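J.: Have a look at this one.
The values are calculated or read from the model by the stated rules, or taken from the named source; none is laboratory data. Since the structure is predicted, the reported quantities are computational estimates derived from the model, not experimental observations. Heads up, the Cβs are rebuilt from the backbone with ideal geometry, glycines too, and the neighbour counts pull from every protein chain shown.
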Amino acid sequence: MKEKQDQHFGKLVVDFVNASTAEEAGSVFIGGAAAAFGFGSGFLEQALGRYPTLRLFEDALSAGDRELVGLLLEERGLLSVINNLPCNISLASYDYDGDKVLTFKIQPLEPKWDREDPYEEDVLQVPVGTGGKAWLEEVAEMFDDRAPLSTDMDEVKEKLLACMGEFVELGDRILAIRSVLPPERTHEAQKMAAFYISIQAEQEVLAELLERWRMILDEIIAAETLSRNHVLLDLLLVYNMVNRRELAVGEDGAFYEKPIFEQSYFTERAGLADEYYHNVLVYALFEFLRAKGNRDKLRGCPDCKTFFIAGPRRAKGMKCSRCAKKKGRGTRDEA
Ligand SMILES: [Zn+2]
């Protein structure tokens, strides 16, 4: 069992990097960790059951909440579009269920040296009221007064006004649904929307990590001299930081060495998502690489870019098993 552990570590890294989506990468990561660290089957069920995936979100979302959650997410998306316009004006809040007032924050075009914080944003409120689009004109006026004067700002203004119209309308629709729901259902929908947003954020991190790790493996496979490879040396620093043996004492007074990654690391995740994955991947990579001959077995298929660990029967194979098979028998890759 022990001599195979390095292979499990290698597989954890390779399977993660080969994942076709961020969603898949997350699940593969948990499965790979379970195998590499030798956690039991109960662990896998528990960790995967809590692991935030879009599938878990879909399963947990009740049909009755679907519409409201959808609108809340649309609202959130629109807010992000508005606040990412190349413009000094951002929308801080809109209390559609209260006084119906839009609160904007405006970065001053020039620093105001007479203020304690010369760059402090101005706050400007625009009441939406109950009828008509007068408020939209007020927003347009605010833009004309406060945004920089340049021709390309016309487009930004147009976009802002269109988004604001949509945003306020969305608020009305959310309010209409909320008004017939008990407050706890609204609360539940808000929780689900927040859950979805956290999954999305997690998957953005994973997508970035996937890209980074593909580059890392390419680099390590291609490196001529490992001892002078900066990508590898930087990762080694991380490994040496992570790889700290800790001695603990149990209830029975016996001393034991704490595992570097305990099961709770994967079931009760905390801290930065980026490091959460990266540290385990780095640890696994070096636990794999340090076993003699493993580095030469780590390969990237030139045809499909899949990474793989060549087994003893395919010691010379340069292509992944799938592409090697496609080429037919008798080739060198099939050896
Ligand atoms: Zn291939």
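J.: State which residue pairs qualify: first residue part of a helix (DSSP H, G or I) and inside region 288-300, second residue basic (Lys, Arg) in any location, beta carbons under 9 Å apart, and separation of 6 or more residues or different chains.
T.: Phe288/Lys11; Phe288/Arg295; Leu289/Arg295
J.: Given (1) within 20 Å of His8 (Cβ to Cβ); (2) within 16 Å of the ligand (Cβ to nearest atom), identify the lone condition not met by Met318.
T.: Every condition holds for Met318 apart from (1).
Conditions tested, residue by residue: (1) in the same structural domain as Asp296 (by TED's automatic domain parsing); (2) among the charged types (D, E, K, R); (3) in a helix (DSSP H, G or I); (4) at pLDDT 95 or above.
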site	(1), (2), (3), (4)
Phe16	yes, no, yes, yes
Glu24	yes, yes, yes, yes
Phe29	yes, no, yes, yes
Phe39	yes, no, no, no
Leu48	yes, no, yes, no
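J.: Note down all Cβ pairs under 6 Å where the first residue falls in region 94-110 and is more than 13 Å from Phe167 (Cβ to Cβ), the second is surrounded by 14 or more Cβ atoms within 10 Å (Cβ to Cβ) and modelled with pLDDT under 90, and they're at least six residues apart or on different chains.
T.: Once the first residue is more than 13 Å from Phe167 (Cβ to Cβ) and sits in region 94-110, its partners that are surrounded by 14 or more Cβ atoms within 10 Å (Cβ to Cβ) and modelled with pLDDT under 90 give Ile106/Arg146.
J.: Sort out which residues of region 301-312 are closer than 16 Å to Ala19 by Cα and more than 9 Å from the ligand (Cβ to nearest atom), and write them in order of number.
T.: Those that are closer than 16 Å to Ala19 by Cα and more than 9 Å from the ligand (Cβ to nearest atom): Phe307, Ile309.
J.: Failed condition for Ala193, given (1) under 13 Å from Leu68 (Cβ atoms); (2) surrounded by fewer than 17 Cβ atoms within 10 Å (Cβ to Cβ); (3) hydrophobic (A, V, I, L, M, F, W, C), with all others met?
T.: (2)
J.: Hey, does region 60-70 have a residue that's at pLDDT below 95, surrounded by 16 or more Cβ atoms within 10 Å (Cβ to Cβ), charged (D, E, K, R) and part of a loop (DSSP other than H, G, I, E, B)?
T.: For region 60-70, residues at pLDDT below 95, surrounded by 16 or more Cβ atoms within 10 Å (Cβ to Cβ), charged (D, E, K, R) and part of a loop (DSSP other than H, G, I, E, B): absent.
J.: Let me ask something else about it. Is it fair to say Leu124 is surrounded by 17 or more Cβ atoms within 10 Å (Cβ to Cβ), more than 30 Å from Ala189 (Cβ to Cβ) and under 36 Å from the mean Cα position of the chain (by Cα)?
T.: yes
J.: So, one more: Kindly check whether there is at least one residue in region 246-258 that is assigned to a helix (DSSP H, G or I), of a type in the set (Ser, Thr, Tyr) and either over 28 Å from Leu56 (Cα atoms) or in contact (Cβ under 8 Å) with a residue 60 or more places away in the chain (or both). Spell out the reasoning first.
T.: From region 246-258, those assigned to a helix (DSSP H, G or I) are none; that's our starting set.
Checked region 246-258: no residue is assigned to a helix (DSSP H, G or I), of a type in the set (Ser, Thr, Tyr) and either over 28 Å from Leu56 (Cα atoms) or in contact (Cβ under 8 Å) with a residue 60 or more places away in the chain (or both).
J.: Scan Ala254, Ala193, Ala270 and give me the residue that is within 22 Å of the chain's Cα centre (by Cα), farther than 18 Å from Phe288 by Cβ and at pLDDT 95 or above.
T.: Working: Ala254 fails: within 22 Å of the chain's Cα centre (by Cα); Ala270 fails: at pLDDT 95 or above.
Among Ala254, Ala193, Ala270, only Ala193 is within 22 Å of the chain's Cα centre (by Cα), farther than 18 Å from Phe288 by Cβ and at pLDDT 95 or above.
J.: Follow-up question, since we're still on this one. Please go through (1) of a type in the set (Phe, Trp, Tyr); (2) in a strand (DSSP E or B); (3) more than 16 Å from the ligand (Cβ to nearest atom); (4) closer than 24 Å to Thr21 by Cβ for Phe266 and return the number of the only condition it doesn't satisfy.
T.: Unmet condition: (2).
J.: Quick test of your reading of the structure: Arg290 fulfils all but one of (1) surrounded by 15 or more Cβ atoms within 10 Å (Cβ to Cβ); (2) at pLDDT 85 or above. Name the failing condition by number.
T.: (1)
J.: Select, from Leu149, Leu175, Leu160, the only residue that is within 18 Å of Lys100 (Cα to Cα) and in the same structural domain as Phe104 (by TED's automatic domain parsing).
T.: Just one listed residue meets the conditions, Leu175.
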